[in-house]
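Worksheet: the structure to be examined is printed underneath.
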Amino acid sequence: LFATLLFALTVSACQTAPAPQMPTLSYSHLPALNLAVGKIEIESEYKAPMTSPNKEHTLDTPPSKAFSRWVNDRVRTQGQGGMAKFIVEEASVIETALDRTKGVKGLFTKDQSERYTGTLKGRVEIYDPSGKKLGYATASATRSQTVGEDINLNDRERILFELVEALVADFGTALEKNMKSHLTDWVK
């Protein structure tokens, strides 16, 4: 009886929490950016290495996908011709191992074990109907977040989601400002 009870307690203690359901990033609550063009395209020049220390390929919503969502939710065409091309130049999330306290003191210390640094760089280019580039605006943003050595997987996923969310918010603010400064003939 004792062995059965011990086995049941051990099995129930080993169950893992279900993966957290992260919300879908959306920017449709923000004001529309109206451009005097007839078409919008999104492309990426960034190729994720798909190996450590890069982590963007492991995320449900990597920065490049969040950037595309930002464009789709915010930018509207208000013209008859021409094109606005939004280009992702970099959309990385890098994991860096941090030094931990060593020796006996390390047994009683909870250190920050990793730093995640997200970088998003991109530009928007305006073309006339014949394909001639008429103007452009660029932006970049970087965000970092450390995590403790005792963090669980669900909290790590939540922190990475929040990092990407804040990264795209910073990038979007910078790009919108630069578009209004450098593309005044096309931003309505």
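The values are calculated or read from the model by the stated rules, or taken from the named source; none is laboratory data. Remember, predicted model here, so these are calculated numbers, not experimental data. Virtual Cβ from ideal backbone geometry, glycine too; neighbours counted across all protein chains shown. Surface areas here come from the heavy atoms of the whole protein model, side chains and all, with no ligands, DNA or RNA. Shrake-Rupley method; radii C 1.70, N 1.55, O 1.52, S 1.80 Å.
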**Asked** Restricting the stretch 67-84 to residues that are part of a strand (DSSP E or B) and open to solvent by 20 Å² or more (accessible area, probe 1.4 Å), which is nearest to Glu157 (Cα to Cα)?
**Response** Arg76
**Message:** Glu157 - would you say it is outside any loop (DSSP other than H, G, I, E, B), open to solvent by 60 Å² or more (accessible area, probe 1.4 Å) and among the acidic types (Asp, Glu)?
**Reply:** yes
**Message:** Let me spell it out: the conditions are (1) at pLDDT below 95; (2) surrounded by 18 or more Cβ atoms within 10 Å (Cβ to Cβ), and Ile87 meets all of them except one. Which number is the exception?
**Reply:** (1)
**Prompt:** From the set of residues in the stretch 130-154 that are over 30 Å from Val37 (Cα atoms) and assigned to a strand (DSSP E or B), which is modelled with the lowest pLDDT?
**Reply:** Gly148
**Request:** List the number of the failed condition for Ala137; all other conditions in (1) in contact with a His (Cβ under 7 Å, 6 or more places away or on another chain); (2) more than 15 Å from Ile40 (Cβ to Cβ) hold.
**Result:** (2)
**Fill in**
Picked from the stretch 98-124 (must be of a type in the set (Val, Ile, Thr) and free of Cβ contacts under 8 Å to residues at least 12 places away in the same chain), the residue most open to solvent (accessible area, probe 1.4 Å) is Val104
**Message:** Quick check on the stretch 125-133. Is at least one of its residues of a type outside the set (Lys, Arg) and open to solvent by 80 Å² or more (accessible area, probe 1.4 Å)?
**Reply:** yes
**Complete:** A careful count of residues in the stretch 25-66 that are outside any loop (DSSP other than H, G, I, E, B), of a type in the set (A, V, I, L, M) and under 14 Å from the mean Cα position of the chain (by Cα) gives 1
